[in-house]
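See below for the structure under consideration.
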Amino acid sequence: MTFITWAHVPVSTQMRRDHFTLTVDETGAVAPPTLVLAYEGPAGSLTDRLTEDGGLIHGELLDASFRVLDADHDGDEDEPIDAFAAGSGVFSLTHRLTGEYILEAGADPADVRTLIDAAQAEGGSYRIRIERPDEEDVVFVTEALLVYDVDGNLRRKDSLIPSGVEL
């Protein structure tokens with residue numbers, strides 16, 4: 001008989017999607033538009049994931065994506081699916097070189113559409129602001145946000161892809 005043992009991960013280092021609240025600030029007073037991630041989870045967990053070699057991860061090493069979790073679709077295969085008509089989705093940040101997830105947050109598809117529309121109107125860039133309890137906010141500026149459908153297929157026409165970037 002084979003026994004599988006799982007390494008115990010202390011609760012203080014675990015982050016879950018429900019530790020984040022995602023909102024979008026696309027008002028004219030804030031340019032470029034901003035995706036705000038408010039973190040309410042265990043202290044230190046997020047900071048550990050955002051640091052590398054003793055400092056914050058450089059924004060150019062982060063990839064942002066949105067994945068649709070379910071879609072309102074009547075089953076007609078000839079009808080195109082609107083990724084932003086979905087009931088729910090997940091926004092994530094990953095480390096570009098290692099592929100490691102930095103964070104995931106539940107996201108309303110309408111909020112993501114609002115961000116993409118506002119970013120396109122402002123020249124294609126947007127900010128990601130991560131609010132941490134008892135610590136300074138972390139802000140990254142980026143031009144890319146890849147949108148994936150419920151089956152994991154990239155939706156190029158719905159994504160923010162900077163000119164000159166080949167996927």
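What follows draws every value from the coordinates through simple rules; no lab data is involved. On a predicted model such as this, the values are computed, not experimentally measured, just so you know. No Cβ is skipped: glycine too gets one built from the backbone with ideal geometry, and neighbour counts run over all protein chains shown.
Some observations on this one:
- Local electrostatic count, V138, Cβ distance below 10 Å [Lys/Arg +1, Asp/Glu -1]: -2
- Summed side-chain charge close to V36 - residues other than V36 whose Cβ falls under 14 Å, Lys, Arg +1, Asp, Glu -1: -4
- Region 15-157 - convex hull of alpha carbons, volume per residue in Å³: 116 Å³
- Magnitude of the charge dipole for region 15-157, about its Cα centre and with charges confined to Cβ atoms of Lys, Arg (+1) and Asp, Glu (-1), is about 420 debye.
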